[in-house]
Amino acid sequence: MPTTPAGRIHSLDVIRGIAVMGIFSVNVVGMAMIESAYFNPPDYGFDGLGDRIMWAANFVLVDGKFRSLFSILFGASMVLVLERGIASGKKPWQVHFPRMIVLLLFGLAHFYFLWWGDILANYALVGMIAFAFWRLPVRLLLLASALSLSLMYVPMVVIGVQQVTAQPADPAINEGEEGLFEAEVVGIRAKEIADAKAAHATPAAHFRSVVGGPEVFRPFQSVPRYGLETLGLMLLGMAGYKSGFLTGAWSRRRYRQVATVLVGASLLWFGLACWRILADDFGPTFQAWGTLFMFPMHPFSAMGYAALATLAFGGGGALADRLAAVGRAAFTNYLGATLIGALLFFGFGFGLYGELSRGEAWLIVPVVWTVMLLWSKWWLDRYRYGPLEWAWRCLARWKWEPMRKPRAAEPAVA
């Protein structure tokens, strides 16, 4: 299998790079406008055709799929790191838990000072649980993954079916009452936007709004809320690593079969859901078709994307090398994207929070992708790790790690 410097597995880095870039495609909406608009587009910034086009493209191709892929890769990398730790003479827990504790601290800082959409704290907390499974063989990992995901997804599908089959509400409401209701909603939305803008004045203002609000413990509440999904995806990643699927060890024929079936099914399923939602204009069944019925397909979409990426970039090349560099610095790129968002949307920067529609906010995405592709390889040609990867490594090991690569020996002059 192709490897990158320091024995890294090329396919894992490439897929991780694609995943972290894909995540920003949807995260930018959550950074640019009120949180409810991230989950219910008509709540804000959804008036133009471009807004609907970008929502549809993200819904069908990106949303939930790359986050799932990132979670799968986290599980795969967990096994890889533990194996290398054992090879160096360390006990697995000595390697794993310091890494998770430091990651949790990064995630909490990310959540409390910058953005509500942090996933690092959830990864750290669930990663501590996933440690109990990492030695299992592939079949048992797949079984445990299926059980964990089923416990999360089956109730969601049941609720979705109930919503779709429920009788519509009685529309017996007079025009005066309807007008009062709409005015009340507009007033609530205006206050929500004003409060959100005030919270985005500075990181300190964001911190005060979070610790003084009802979701001060949100990073920890993420475990009972959706920890079963994260755990199931991490276990799937462990199985994908141990089976060779995520390391590029399978034949191209098998990757082609997986990509054709899973990506094809994903496009059909999410395309159908997108059509239903737009036809109903985000009506009463939106939660079912936009969320509850979609989650169970995310792991299949993610594995299909992994197979497709392996097919496309398994042979290497200039673009594959740049994607691999983005993946090697995924931690820095993930948090770096939020820092760019803070500069663009916070009051101390350009103050664009709440000023852009969904389509306008997405125009930032290709620019950030370009930055990721350019800086990551340039940096890693000169340094061993991404900046935050290096900090994570140093803090977890509690020792100063060398950062700069040794310079090549200069040729002797005759």
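On full extension of the chain, what length is gained from ILE53 through ARG397, given 0.36 nm per residue of separation minus the C-alpha to C-alpha distance? Let's see the in-between values first.
On the way: separation 344, 0.36 × 344 = 123.84 nm, distance 4.63 nm.
Roughly 119.2 nm would be gained on extension.
Hey, any idea what the orientation-averaged projected area of the convex hull of region 257-414's Cα atoms comes to, in nm²?
On the way: hull surface 63.3 nm².
Averaged projected area of region 257-414's Cα convex hull equals 15.8 nm².
Let me know the longest stretch in the chain that avoids all trypsin sites (Lys or Arg not before Pro) found in a DSSP loop with at most 13 other C-beta atoms within 10 Å. Don't skip to the end; give the middle numbers.
Numbers: sites that count: ARG135, ARG382, LYS399, ARG407.
For trypsin sites (Lys or Arg not before Pro) (loop position, at most 13 other Cβ atoms within 10 Å), the longest site-free span of the chain is 136-381.
Provide Rg and Dmax in Å for the chain, with only Cα atoms included in the calculation.
In Å, with Rg to one decimal and Dmax whole: 22.4, 96.
Once every DSSP H run of n ≥ 4 in the chain is given -39500 (n - 2.57) and the sum is divided by its residues, what mean residue ellipticity at 222 nm do you get, rounded to the nearest 500 deg cm²/dmol? Present the calculation step by step, with values, prior to reporting the outcome.
On the way: 17 runs with 288 residues, N = 414.
Theoretical 222 nm ellipticity from helices: -23500 deg cm²/dmol.
Given charges of +1 on the Cβ of Lys and Arg and -1 on the Cβ of Asp and Glu, with all other atoms neutral, how large is the dipole of region 261-404 about its Cα centre, in debye to the nearest 20? It would help to have the intermediate numbers written out before the result.
Values: 11 positive and 8 negative charges, 152 e Å.
The dipole of region 261-404 has a size of about 720 debye.
What's the local net charge at TRP134, with K and R +1, D and E -1, over the other residues with C-beta under 12 Å away? Numbers along the way, then the final one.
Values: positive: ARG135, LYS242; negative: GLU83.
Net charge in that neighbourhood comes out at +1.
Under 5 Å between amide H atoms, partner at least 5 residues away or on a different chain: which partners does GLU401 have, H built in plane at 1.01 Å?
Those qualifying (amide H under 5 Å, at least 5 residues apart or on another chain) number zero.
Below 8 Å, C-alpha to C-alpha, sequence gap of six or more: please give me the relative contact order for the chain in percent. Intermediate results must be reported in sequence, preceding the final value.
On the way: 511 pairs, mean separation 131.9, N = 414.
Relative contact order comes out at 32 percent.
Only Lys, Arg, Asp and Glu count, each charged at its Cβ (+1, +1, -1, -1), so figure out the dipole size of the chain about its Cα centre, rounded to 20 debye.
2920
Rounded to the nearest 20 debye, what is the charge dipole size of region 29-121 about its Cα centre when +1 sits on each Lys and Arg Cβ and -1 on each Asp and Glu Cβ? Display every interim value, and only then the final one.
On the way: 7 positive and 7 negative charges, 138 e Å.
Using Cβ point charges on Lys, Arg, Asp and Glu, region 29-121 gives about 660 debye.
Going by amide H atoms built from the backbone, whose H comes under 5 Å of the H on VAL62, apart from near neighbours?
For VAL62, no residues qualify.
Compare the Cα positions of VAL28, ILE72, GLY359 along the charge dipole of the chain (+1 at Cβ of Lys, Arg; -1 at Cβ of Asp, Glu; about the Cα centre) and return the one farthest towards the positive end.
ILE72
How do VAL365, VAL157, VAL20 line up, fewest other C-beta atoms within 10 Å first?
Details: VAL365 21, VAL157 15, VAL20 26.
If I rank by nearby Cβ atoms, fewest first, I get VAL157, VAL365, VAL20.
Using only alpha carbon pairs under 8 Å that are at least six residues apart, calculate the relative contact order of region 23-122 and give it in whole percent. Can you show the working numbers first?
On the way: 53 pairs, mean separation 19.9, N = 100.
Once normalised by length, the contact order is 20 percent.
Which whole-Hz couplings ³J(HN,Hα) result when phi for each residue of region 123-130 is put into the Karplus expression 6.51 cos²θ - 1.76 cosθ + 1.60, θ = phi - 60°, listed in order with x for Gly and Pro?
With the stated coefficients, region 123-130 comes to 4, 5, 5, 6, x, 5, 6, 4 Hz.
Can you list the HN-Hα couplings for region 339-355, worked out from phi with the Karplus curve (6.51, -1.76, 1.60; θ = phi - 60°), rounded to whole Hz and with x for Gly and Pro?
Karplus-based 3J(HN,Hα) across region 339-355 equals 4, 5, x, 4, 5, 6, 9, 6, x, 6, x, 8, x, 8, 4, x, 9 Hz.
If you average the alpha carbon positions of region 79-110 and of region 311-376, how far apart do those two centres end up, in angstrom?
If you average the Cα positions of each part, the centres end up 26 Å apart.
Taking H as built 1.01 Å from N, whose amide H comes closer than 5 Å to the amide H of ILE9, not counting residues under 5 places away?
Amide H neighbours of ILE9, under 5 Å, 5+ apart: THR4.
Taking the Cβ of VAL14 as the center, what net charge do the other residues with Cβ under 12 Å away carry, scoring Lys and Arg +1 and Asp and Glu -1? Don't jump to the answer; show the numbers that get you there.
On the way: positive: ARG8, ARG16, ARG322, ARG328; negative: ASP13, ASP321.
Net charge in that neighbourhood comes out at +2.
Show me, for region 147-154, the HN-Hα J-couplings you get by feeding each phi into the Karplus relation (A = 6.51, B = -1.76, C = 1.60, θ = phi - 60°), rounded to Hz, glycine and proline as x.
Computed from phi, the couplings for region 147-154 are 5, 4, 5, 5, 5, 7, 8, 4 Hz.
Using a cut-off of 14 Å between beta-carbons, work out the net charge of the residues near VAL60 (Lys and Arg +1, Asp and Glu -1, VAL60 not included). Show your work: numbers first, answer last.
Working: positive: ARG52, LYS65, ARG276; negative: ASP63.
Summing Lys and Arg as +1 and Asp and Glu as -1 gives +2.
None of the figures in this text is laboratory data; all of them are computed from the coordinates on show. What you are looking at is a predicted structure, and each value in this text was computed from that prediction instead of being measured. Here the Cβ is made from the backbone with ideal geometry for all residues, glycine too, and neighbour counts use every protein chain on show.
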